[in-house]
Every structure is written in structure tokens, then in C-alpha cells.
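Asker: The structure is given below, and queries will be raised subsequently.
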Amino acid sequence: MVNKPSEQSIDHPLTIALSKGRILDNTLPLLAHAGLLPVEDVNTTRKLMVDGPVVDGTPVRFLIIRAADVCTYVEQGAADIGIVGRDILLEHRPHVYEPLDLKIGVCRLCVCGPKALVEKGNPREGSRIRVATKYDHLAEEHFLKHGVQAEIIHLYGSMELAPLVGMADRIVDVVETGNTLRANGLVEETTLYDISSRLIANPASYATKKSLIQTMIEK
Ligand code: PRP
């Protein structure tokens, strides 16, 4: 139900943190379906905080931020809820509630490498490899479990480039269609996790705004 805010609720908007990029493209149809679209086109505006509709007397506003920062804003209570990939949640392990799998942004987190290297088999126990990734903890955990010493080379994106220029032996990254891997001569070696986007909530916000958040979830 969309209506006018009371004076009290104007001071207490419901703040929703949205991940920029491909998750945002998948999120907008969901928001439209729930009658929660931002009032401006978030793909073109340079504003980072955009108004939304008024739901049950509470104005909604959106923060448009990097996926990894969604966890921080929600954890700190600067956003009440957020939408973020499971890959980011597994890597950063924020203290947030995760009430809903939105089943969008479906992909997988994989170890990948140059075809010729991967065909030789998984790195042997006791071997040393260089791994380019933005998932430092998950990559380290995976290789440690298999007795492989991984030197983690932290990158912020375009990981597929690292093996091409001889900077890494493997990458750990999300794969959706596999097009980026194919275009760069890489193949999947191991799937670490199935990924989809999740609704997350700050625990205090979830307690105080539970009925509003539940209303939105049910939509
Ligand atoms: C993501 C990911 C891969 C690519 C996988 O990158 O890091 O590079 O998508 O998708 P595909 O399997 O459908 O090709 P994104 O475009 O989000 O940018 P990034 O590399 O800067 O993270």
C-alpha cells in the first residue's frame, strides 16, 4: 500500500542499499513488481541516494553503491536492508539477517585457469600457485583445504586478464554465461559455491521495522 508519510515517519525513512552493476539490472524488475521503483533512473543519475515511493506511511530511499559496500551500510545501520550477491556475503561475513533468497543474479563462484594448465589437473598438494581474485578469504580457504599454498593477488575486477599476462595461475571469480572466460582462453576448474542475490537486513532495523520489511518481502 503506497500513501503519504506521517510527520514522524519522514524522519525515519526505510533505506535500501542496492548493488551497482549486473545485480541492479536484475533488481529493478523486482522493485517494479513490488511497486517500489526509485523516482529517478538509477542507471543514469549521478545521485547516490535516490527517493522511492511511500509505503504504509514510510518514505523509501535507495543508496546506489558497490556490492561489497552494501554489507557495510547494512551492518552499520546506515541502510535498513540491502540486496547483495551470496558471493559477497560469503567473503565478507557481515553481521546481518538474510531473510530471503531473491533468486536473481544466479551464477557460480569458481576456480578458473588457462585451458592448458587446467587440463593438467588440480594443483598438487604442497604446490605453490598465484591466484588473482577479489575473494581473498574464500580463495585462501579453498586452497588451504587442499594443501596448496596460494599467493593471493587481490584485484578489484577483470580478473580474467591476470593469467593472460602471466600474473596468476588461477583466478577465483563468479561465472554466469562463461563468455568472459571463453573470450580470454580460460576454463572452469572447480565450482566453489552456487550464487544468487539475497535480501539482507540490519538486525536492529529488522526488529523495529519488521512488519514493513515483511510487507515488502511478501510483495
Ligand atoms: C563479472 C565477473 C566475470 C563476468 C562473468 O564481471 O567478474 O568477469 O562477470 O560473467 P559471464 O560468465 O557471463 O561472462 P563484471 O562484468 O561484473 O565486472 P568485473 O570483472 O569488473 O567484476
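The values are calculated or read from the model by the stated rules, or taken from the named source; none is laboratory data. Worth saying up front: this structure is predicted, and the values here are computed from it rather than measured. Cβ sites come from the backbone with ideal geometry, for glycine too, and all protein chains shown count toward neighbours. Side chains included, ligands, DNA and RNA excluded: accessible areas come from the protein's heavy atoms. Shrake-Rupley method; radii C 1.70, N 1.55, O 1.52, S 1.80 Å.
Asker: Take the residues of the stretch 106-120 that are open to solvent by 30 Å² or more (accessible area, probe 1.4 Å) and either outside any strand (DSSP E or B) or not basic (K, R) (or both): which is farthest from the ligand (Cβ to nearest atom)?
Answerer: K120
Asker: Report the residue count in the stretch 157-167 for those that are closer than 17 Å to H137 by Cα and either of a type in the set (V, I, T) or at pLDDT 95 or above (or both). Can you show your working first?
Answerer: Filtering the stretch 157-167 down to residues closer than 17 Å to H137 by Cα leaves 157, 159.
Pick out the ones that are also either of a type in the set (V, I, T) or at pLDDT 95 or above (or both) and you get 159.
Counting residues in the stretch 157-167 that are closer than 17 Å to H137 by Cα and either of a type in the set (V, I, T) or at pLDDT 95 or above (or both) gives 1.
Asker: For the stretch 139-151, which positions are surrounded by fewer than 18 Cβ atoms within 10 Å (Cβ to Cβ) and either within 16 Å of the ligand (Cβ to nearest atom) or in a loop (DSSP other than H, G, I, E, B) (or both)? Talk me through it step by step, then tell me what you get.
Answerer: To start, the set of residues in the stretch 139-151 that are surrounded by fewer than 18 Cβ atoms within 10 Å (Cβ to Cβ) comprises 140-141, 144-147, 149, 151.
The answer is H146, G147.
Asker: Looking only at the stretch 188-198, decide whether some residue is open to solvent by less than 40 Å² (accessible area, probe 1.4 Å) and without any contact (Cβ under 8 Å) to a residue 12 or more places away in the chain.
Answerer: Checking the stretch 188-198: not a single residue is open to solvent by less than 40 Å² (accessible area, probe 1.4 Å) and without any contact (Cβ under 8 Å) to a residue 12 or more places away in the chain.
Asker: Within the stretch 121-138, can you find the residues that are open to solvent by 60 Å² or more (accessible area, probe 1.4 Å), modelled with pLDDT of 95 or more and away from the ligand (no atom under 15 Å from the Cβ)?
Answerer: R130, H137
Asker: Here is a follow-up. Pick out, from the stretch 7-105, the helices (runs of 4 or more DSSP H) lying fully within it that include 3 or more residues that are free of Cβ contacts under 8 Å to residues at least 40 places away in the same chain and open to solvent by 40 Å² or more (accessible area, probe 1.4 Å).
Answerer: Values: elements: 7-10, 22-33, 67-75, 86-92.
In the stretch 7-105, 22-33 are the helices (runs of 4 or more DSSP H) which contain 3 or more residues that are free of Cβ contacts under 8 Å to residues at least 40 places away in the same chain and open to solvent by 40 Å² or more (accessible area, probe 1.4 Å).
Asker: Would you point out the residue of the stretch 164-199, among those that are of a type in the set (G, A, S) and under 21 Å from the mean Cα position of the chain (by Cα), that is nearest to the ligand (Cβ to nearest atom)?
Answerer: Filtering first and then ranking leaves G178.
Asker: Please go through the stretch 164-193 and give me each residue that is assigned to a strand (DSSP E or B), among the hydroxyl-bearing types (S, T, Y) and in contact with an Asp or Glu (Cβ under 8 Å, 6 or more places away or on another chain), ordered by number.
Answerer: Passing the criteria: only Y193.
Asker: Another question, then. Report yes if some residue within the stretch 154-163 is within 16 Å of the ligand (Cβ to nearest atom), in contact with a Ser or Thr (Cβ under 9 Å, 6 or more places away or on another chain) and assigned to a strand (DSSP E or B); otherwise report no.
Answerer: yes
Asker: Name the residues in the stretch 121-137 that are assigned to a strand (DSSP E or B) and among the aromatic types (F, W, Y), would you? If you could, list the steps in order and put the result at the bottom.
Answerer: First, the residues of the stretch 121-137 that are assigned to a strand (DSSP E or B): 128-133.
Passing the criteria: none in range.
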